1. Inspect all residues belonging to the stretch B:301-318 and state whether any of them is of a type in the set (S, T, N, Q) and more than 13 Å from B:G212 (Cβ to Cβ).
2. Could you please find all residues in the stretch B:283-308 being over 19 Å from B:P7 (Cα atoms), part of a helix (DSSP H, G or I) and at pLDDT below 85?
3. Provide a single number: the residues in the stretch B:269-307 that are of a type in the set (V, I, T) and over 25 Å from B:I136 (Cα atoms).
4. Among A:K45, A:K49, which is the only one that is more than 17 Å from A:L202 (Cα to Cα) and in contact (Cβ under 8 Å) with a residue 60 or more places away in the chain?
5. So B:G71 clears everything in (1) buried (at least 20 other Cβ atoms within 10 Å of the Cβ); (2) touching a residue at least 60 places away in the same chain (Cβ under 8 Å); (3) over 23 Å from B:I144 (Cβ atoms) except one condition, right? Which one?
6. Looking at A:V100, A:V110, A:V89, A:V124, which is the one that is surrounded by 20 or more Cβ atoms within 10 Å (Cβ to Cβ) and away from chain B (no Cβ under 13 Å)?
7. So how many residues does the stretch A:226-263 have that are over 14 Å from A:V63 (Cβ atoms), in contact with a Pro (Cβ under 8 Å, 6 or more places away or on another chain) and surrounded by 23 or more Cβ atoms within 10 Å (Cβ to Cβ)?
8. Give the residue that is farthest from the other protein chains (Cβ to nearest Cβ), with candidates limited to residues of the stretch B:123-149 that are touching a residue at least 40 places away in the same chain (Cβ under 8 Å) and over 16 Å from the mean Cα position of the chain (by Cα).
Amino acid sequence: MGRRRLEDVYMIAKSSPTASNSDFGSGFRVKLTNVSFSPSRYSYKQVLKNISLEIEPGEFVAVIGSNAAGKSALLKAIAGELRNLSGEVRIAEQIIDRPVNQVIDGVGIVHQFDDSDLIEHLSVAQNIAIRQILGGGHKSKIFSITQSWRREVAQDLGSKAEMGAEDLDALVRNLAGGKRQMLSVAIAIHLEHHRNPCRLLLLDEHTSRLDHRNAEKVMEYTAEEIRRIQTTALMITHRYIDAKKYANRILVILDGAIYKDIKNPKDVSIEEINKYVERRTD
Amino acid sequence: MIERMLPHIVPGLIYGIGALGLALTFRYLKFPDFTVLGSIMLGGIVSVTVTNQTNPFFGIIAGSLIGGLLGIVTGFLIHRLKIQPVLAGIITFTASYSLGYLLAKEGTVALQNNSILSPTFKSIDVVKIFLVAATICSFIHLLIRTKFGSLLLAMTADKHFLRLRHREQGKVFLITLFLGNAIVGLAGALYALKEYAAHVQSHMDFLPFSLGAIFGGNAVAIWISRKLNKSNVGNPVDEKTQTNSKYLLRTFSTFVSTERDESSRIGFLFFVYVIGCLFLKEVSGLIHCNAFTTIHPALDVPANLQYLVVAVIIAIFVWWAGWEEED
């Protein structure tokens, strides 16, 4: 199946009788139907068990659960990163059967470990250039890191990730943790997509390796951008307070299945969320 | 001593050009491409054959193309048939021997036409080869700054990154192997045009020499970068107190420093590889003609130990490079 560009997807969405108007300018609709996953064909252990889920365009969903509950597997299933997956994953009506970036443009992913997102021994500018080219965010046939490109990116970084022009030449391995994560988020949301911000953002514990102050700063920035561009977002987190504060839906994952679907997080206390995660009935 | 050094300068620089081709695959695709042994040999044989029919210019182009073609075969084996890279290189280079014997029935083909290089030492030849090497270094330097260069740099990423994000891996693999082996084929062509002959059983020392130069070059580059960092020339200084020499050093450090982007330092790095190859070829050649005895009688190394000495030097280079990178 050929790779779909954003414009093509919009055309499909426009002509599709099932697509709602909220598909335009907000975010992608995500639909999982009977998704199950075992690490190998011969394994009895199921990491995901028959999950069916629909995420509306523009919805900000937080996924919580204890370790090894299947949260990351759920995100990887949506991102098309799992082999041996049964069931169907659709993003904006496109079936995702390969890494999502190879199927559709406009999806930003921030992984838990940044070796999948940034190349340590290259500079910030080089990393952004590479992601723009690989993410379909750079349309020209010939690309070179010119001064005008640098100015444009520096401006974007300054306004969106609180980084200066001087950071462009820094090697990623020399960046502080907070800056690095901010860069990952900024690339995933804005910089790797051609002028349009992303339409679906997948975040896998993107603040987990940061100290409290930096985690809060990165989370605030992420939430603000999600709200501003009204993208669909799915965020895995162990910080229940973030899930309650920023998300408009919380999924509690337990043993590879959705244990609780909380549609009104603001009305639920942290204690209650804790109970769900620990499956306590008292 | 100097007189004995001269005949090895042009062959050393030609091997240096070949090392640039190998470095392209070794540095970015991260495997030693054994195809280069076939490319340098076949590049020579094809160039002499074509030169005999036409002229050296077409001979050099044909030599480069046959090298590039071998690279594409290796790329196909790796990417389509999923054969291990090192093994794929060995398969292609082994197969290229048959092709060599097809073109050169006796295993040797002699040049009967005019050449662009002289079989004896001429300083104009050094200039010519140096210009070719500088052109290739500049070409790679510019290439890294293009869209393809960015995709090539992305090949050095972690395997998770490659699997999830790099959807152009196959294309980049093929083009890089083509370019790398075409450069090696060019080196083979130049070598044959210098020697006025090409042999199937030749250039077995090319792979260790060029790999040694790459490892040694890396170590030297890191060492120089560290020295410059220690002397603070990379840091901004007060414009008023800045002297011309410091300004020159700062400019130099932008092309050398390991704290800079790959695209800034690649030209210098590849230039060091050429010099490394020249050094190894010189050492080997000087031992072969017992030249060190003119310096001191105690340095009388038997001629047949030339490769052992070079192997020891390469081992020292590899150890030094590992040690510098770890530090």
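The values are calculated or read from the model by the stated rules, or taken from the named source; none is laboratory data. If you're wondering where the values come from, they're calculated on a predicted model, not measured in any experiment. All Cβ positions, even for glycine, are placed from backbone atoms using ideal geometry, and neighbour counts span all protein chains on display.
1. yes
2. Within the stretch B:283-308, B:P297, B:A298, B:L299, B:L305 qualify.
3. So the count comes out to 5.
4. Selected residue: A:K49, the only one of A:K45, A:K49 that is more than 17 Å from A:L202 (Cα to Cα) and in contact (Cβ under 8 Å) with a residue 60 or more places away in the chain.
5. Going through the list (1) buried (at least 20 other Cβ atoms within 10 Å of the Cβ); (2) touching a residue at least 60 places away in the same chain (Cβ under 8 Å); (3) over 23 Å from B:I144 (Cβ atoms), B:G71 breaks only (3).
6. A:V89
7. Of the residues in the stretch A:226-263, 1 are over 14 Å from A:V63 (Cβ atoms), in contact with a Pro (Cβ under 8 Å, 6 or more places away or on another chain) and surrounded by 23 or more Cβ atoms within 10 Å (Cβ to Cβ).
8. B:D125
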